[in-house]
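The values are calculated or read from the model by the stated rules, or taken from the named source; none is laboratory data. Predicted, not measured: the structure shown is a model, and the values here were computed from it. So basically every Cβ, Gly included, is an ideal-geometry build from the backbone, and we count neighbours across all protein chains shown. When the accessible area is computed, the model is the full protein with side chains, heavy atoms only, and any ligands, DNA or RNA have been set aside. Shrake-Rupley method; radii C 1.70, N 1.55, O 1.52, S 1.80 Å.
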Amino acid sequence: IENQADTDIYVSTSDKEIESENASVPSASAEVCESLCIYRNVAEKLPDFNCFVFHGAAITCDKNGYIFTAPSGTGKTTHINLWKKYLGDRVDIVNGDKPVIRCPNNAGCTVFGTPWCGKEGLHKNRSAPLNAVCILKQSKINNMVKLDNKTAVKYLMRQVYLPKNENALNRTLSLLGNLIESTPVYLLECDISKQAFDIAYNTLTNI
């Protein structure tokens, strides 16, 4: 880039950062490590733009955005694939692992796709109004409840990228507060059946 002033965010990485990343993830290629370094450097700057990186799978259904979040391996991709299976083209996968959320105030949030999308590679360069966040928990019995703000923040804090920079960290926590104030958060205990999809779909699309 000849003129950095023409960009909103400018980041770079170094061989030292890439080597450090590779030391923590020995199985990753140099290219993957470089991408992860760039991702973290971008994530550090996003709070300046009222945005933060969130760990979850983001979809749209009839142009409304929803994020499903849980610890890795819980079944986020499996669940969003149920939405694709039963709703087809009504559902679009925005990002399968690390979408960006923008919450400038407590009047509403927007979810954005990013290139960092998990091993399945599910992502699109698009955005949508965020209607709800759904926390997934594996269970043999399908049940869904809306969480109060105090309970919601305990779950969501684990899924937010927390910057190292103190100012960016404080801004991120403020933005997370905006998210919780403006967006309903649900806990879905579920299996991988159609009933699990039905409960989630009927609840989230009738907010």
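Tabulated data for the structure shown
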item: Exposure of residue 17 as accessible area (Å², to 10), given a probe of 1.4 Å and all protein chains; result: 70
item: Accessible area, probe 1.4 Å, largest first, for residues 207, 93; result: 207, 93
item: From the coordinates shown, Rg and Dmax of the Cα atoms in Å corresponds to which of (i) 20.9, 68; (ii) 17.4, 57; (iii) 16.7, 53; result: (ii)
item: Extension gain (nm, one decimal) between residue 62 and residue 85, 0.36 nm per residue minus Cα-Cα; result: 6.8 nm
item: Distance between the range 178-202 and the range 126-153 - C-alpha centres, whole angstrom; result: 5
item: With all protein chains modelled, accessible area of residue 192 [1.4 Å, Å²]; result: 120
item: Where no second cysteine Cβ lies under 4.7 Å, the cysteines concerned in the chain; result: 33, 37, 51, 61, 117, 134, 190
